[in-house]
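Remarks on the structure that follows.
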Amino acid sequence: MIIERATAEDLDVLLAFRQEAATWLIGLGTDQWQRPYPADRLLSTIEAGVVFMVRDGSVTAATITLTPEAEEGLWSARELQEESRFVNKLTVARTHAGQDLGGRVLDWAGDQAYRSGATWLRLDAWTTNKALQDYYLRHGFEHVRTVKEGGAVNGGPRVSGWLAQRPAMPSSVHGLTDLVGTGTRLGDV
């Protein structure tokens, strides 16, 4: 499997991918990702060069967004002074579920964060999705805190405020052929 930057041509695949994940999440009893993601926002992150695709031949097996930008209102001023990379929208195709591909992609992200000089690989997860939180804990993340207020709509409850982090560290065991390029620092594109 290879990992490479997404391009604008991947937009429809990514939107369908997210819908597939949302449908699967309903079956698990969570309301995560039930609102459609705006295509223009997704295209903007693709164009920023922070969306990555894992491909298994011609099939998109997984995707991850890895950015130097934190979502507003989650991390403290002190934490934001620490060089970090932030995981968003990690999604594995149902065709590739059960193979720990998500864990391998997280290891790749930790390696990319390390190569860019970051100390931490950080993420926020759906506040009510205990299974997802447990998944991240099993993959070496430590829970920092849960931010419950300050959501995007009128400062209401935050739906994705479970914060976790793990040290950024080199990894060659993820087994992904990295086509992103080792000479480019993440966040410099």
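The values are calculated or read from the model by the stated rules, or taken from the named source; none is laboratory data. Computed from a predicted model, the values in this text were never measured in an experiment. When we count neighbours, we look across all protein chains shown, and the Cβ atoms used for this are built from the backbone with ideal geometry, even at glycine.
Details
- Answer residue from segment 117-142, given it is among the aliphatic types (A, V, I, L, M) and part of a helix (DSSP H, G or I) and is nearest to His174 (Cα to Cα) among those: Leu137
- Qualifying residue in segment 103-115 (condition: in contact with a Leu (Cβ under 6 Å, 6 or more places away or on another chain) and farther than 21 Å from Met1 by Cβ): no
- Segment 106-151: number of residues that are more than 24 Å from Gly73 (Cβ to Cβ), of a type in the set (Asp, Glu) and free of Cβ contacts under 8 Å to residues at least 60 places away in the same chain: 1
- Of the residues making up segment 62-88, just one is part of a strand (DSSP E or B), surrounded by fewer than 21 Cβ atoms within 10 Å (Cβ to Cβ) and not hydroxyl-bearing (Ser, Thr, Tyr), namely Asn88.
- Residue match in segment 94-101 (condition: out of contact with any helix residue (DSSP H, G or I) (no Cβ under 8 Å at 6 or more places or on another chain), under 26 Å from Gly175 (Cα atoms), modelled with pLDDT under 90 and of a type in the set (Ser, Thr, Tyr)): yes
- Each residue in segment 8-21 was checked for being closer than 23 Å to Thr128 by Cβ and modelled with pLDDT of 65 or more, and 4 of them qualify.
- Only one of the numbered conditions (1) at pLDDT 95 or above; (2) closer than 14 Å to Trp162 by Cβ; (3) of a type in the set (D, E, K, R) is not met by Asp124, and that is (1).
- The set of residues in segment 33-57 being at pLDDT below 90 and over 14 Å from the mean Cα position of the chain (by Cα) consists of Gln34, Arg35, Pro36, Tyr37, Pro38, Ala39, Asp40, Arg41, Leu43, Ser44.
- For beta carbons closer than 9 Å, sequence separation of 6+ or different chains, a first residue in segment 44-55 that is among the hydroxyl-bearing types (Ser, Thr, Tyr) and a second that is assigned to a loop (DSSP other than H, G, I, E, B) and surrounded by 17 or more Cβ atoms within 10 Å (Cβ to Cβ), the qualifying pairs are Thr45/Ala6.
- Selection of segment 37-67 for residues being under 20 Å from Thr119 (Cα atoms) and touching a Phe, Trp or Tyr at 6+ places or on another chain (Cβ under 7 Å) yields Ile64, Leu66, Thr67.
- In this structure, Tyr114 qualifies as surrounded by fewer than 21 Cβ atoms within 10 Å (Cβ to Cβ) and assigned to a helix (DSSP H, G or I).
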